[in-house]
Amino acid sequence: MKYRVLIVEDNPQFSEVVASIFDEELGYEVTQVDTAREAQKLLYQSRNPDHGRFDLIITDMNLKGDVDVSAVEHVEPAMTLGGLQVLQSLRQIHDSEICVILSGQTLSMREVRRISKDYSDIVFEIIDKGDDVYSEIMGKIHPMVIRNSIHLFLSYRRQDSSLFTDRIYDSLLQEFNSKRVFRDLDSIGAGVDFREAIRDAIRQSRAVLVVIGTEWAVISRDNTKPRLFEQGDYVRLEIEEALRQNKFIIPVLLDTAVMPTPDQLPVDIVPLAYKNAIRVRQGLDFANDMKRLIEEIEKSLSGA
């Protein structure tokens, strides 16, 4: 996966330094502009799927064309900043992008932190141009982009693990962006064809977690054949689609549950039986097990 970064900076030398780190060191697709107006145009275009969204926006606060506040009475510096215009546009189209503010000499760090606080829903970090920018990007910014960009699809059977899945879901929301964790109960609107919603959600996901409880493979409607063998079973559809799209799949075994054997699965989802699983237990072990699961997700997808 190639990440996209928009750099909004009117100092060409500094802009090139930042761009070269993302391009040459990290392999990002880099777009550079030097005015708020250009940035705003690109941000609004990014709402169109044909253009694609940015994973990261890095903006200076003092941009070309900003008003010189030293010559204007009764005007706060933040009111005239081009960077503030970028933040306002980003908030309007906000789709979970990470934004980083660059702080230079013109604006005090105190003022930058105040702006960051006002826009805490989209600003994740501040970089002081006097700091080691390379270390800031490699050590802080890039890992944040990876974590923020991970889309997770949570597949589970309500009759088997609804309450336990709620705990797992809540833990995932604490670690990953809430807009990037798909669970049918919360994510499919009324009147929506769930088959199409599942296909679209898995297409956008980078990992599919299949939550398996003790009754997952044997639950049936009428005490005859398991629901997995019904053509319209939504759990079966989710796994079929994830396998078809070659998604990264992690089976999550709850408490004493075991992996289904190939003969317990419809032929279309037999490959699930050979996926390495992670166990999550309730009680005192839950936090440590979830930590291990999250670490495995990040490790497996960091280079994807």
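Please treat every number below as a calculation from the coordinates, not as lab data. Keep in mind that what you see is a predicted model, and the values were worked out from it rather than measured. Heads up, the Cβs are rebuilt from the backbone with ideal geometry, glycines too, and the neighbour counts pull from every protein chain shown.
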(request) Excluding SER135 itself, calculate the net charge of residues whose Cβ lies under 14 Å from the Cβ of SER135, where each Lys or Arg counts +1 and each Asp or Glu counts -1. (result) -4
(request) Could you tell me whether region 152-301 comes out rounded, prolate or oblate from its Cα gyration tensor? Rule is a ≥ b ≥ c as square roots of the eigenvalues, rounded for a/c under 1.5, then prolate if a/b exceeds b/c, otherwise oblate. (result) rounded
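Using 0.36 nm per residue, how much length does the chain from SER300 to SER162 gain when fully extended, once their Cα-Cα distance is taken away?
Gain in length upon complete extension: 47.1 nm.
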(message) Highest mean first, how do 236-242, 254-260 rank when packing is the count of other Cβ atoms within 10 Å averaged over residues?
(response) 236-242, 254-260
(request) Among the listed pairs LYS129/LYS247; LYS225/LYS299; LYS117/LYS247; LYS41/LYS299; LYS225/LYS247, give every one whose C-alpha distance is greater than 32 Å. (result) LYS129/LYS247; LYS225/LYS299; LYS117/LYS247; LYS41/LYS299
(request) Calculate one ³J(HN,Hα) per residue across region 277-285 by plugging θ = phi - 60° into the Karplus curve 6.51 cos²θ - 1.76 cosθ + 1.60, and present them in order as whole Hz with x for glycine and proline. (result) 9, 10, 9, 10, 10, 7, x, 5, 7
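Ranked by Cβ crowding within 10 angstrom, fewest neighbours first, how are THR261, THR224, THR59 ordered?
Arranged by neighbour count, lowest to highest, THR261, THR224, THR59 become THR224, THR261, THR59.
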(request) Please find the FRET efficiency linking ILE219 to LYS275, where r is the Cβ-Cβ separation and R0 is fixed at 22 Å, and quote it to the nearest 0.05. (result) 0.65
(request) Order by neighbour count: VAL270, VAL208, fewest other Cβ atoms within 10 Å first, most last. (result) VAL270, VAL208
(request) Starting from the Cα-Cα distance between ARG195 and SER135, subtract it from 0.36 nm times their residue separation and give me the gain in nm to one decimal. (result) 17.1 nm
(message) Net charge around MET290, counting only other residues with Cβ within less than 14 Å of its Cβ (Lys, Arg = +1; Asp, Glu = -1)?
(response) -4
(request) Would you mind telling me the antiparallel percentage of the DSSP bridges in region 152-301, rounded to 5? (result) 0 percent
(message) Output wanted: per-residue J couplings in Hz (rounded whole) for region 134-144, from phi through Karplus 6.51 cos²θ - 1.76 cosθ + 1.60, θ = phi - 60°, x for Gly and Pro.
(response) 4, 5, 4, 5, 6, x, 10, 5, 4, x, 5
(message) What Kirkwood Rh does the chain have if only Cα atoms enter the pairwise 1/r average? Answer in Å.
(response) 21.7 Å
(request) Could you tally the net charge around ALA257, taking each other residue with its Cβ under 11 Å from the Cβ of ALA257, Lys/Arg +1 and Asp/Glu -1? (result) -1
(request) Divide by every residue of the chain the summed helix terms, -39500 (n - 2.57) for each DSSP H run of at least 4, and state the resulting mean residue ellipticity at 222 nm, rounded to the nearest 500 deg cm²/dmol. (result) -11000 deg cm²/dmol
(request) Mind checking the full-extension length gain between MET144 and PHE286? Use 0.36 nm per residue of separation minus the Cα-Cα distance, one decimal, nm. (result) 48.7 nm
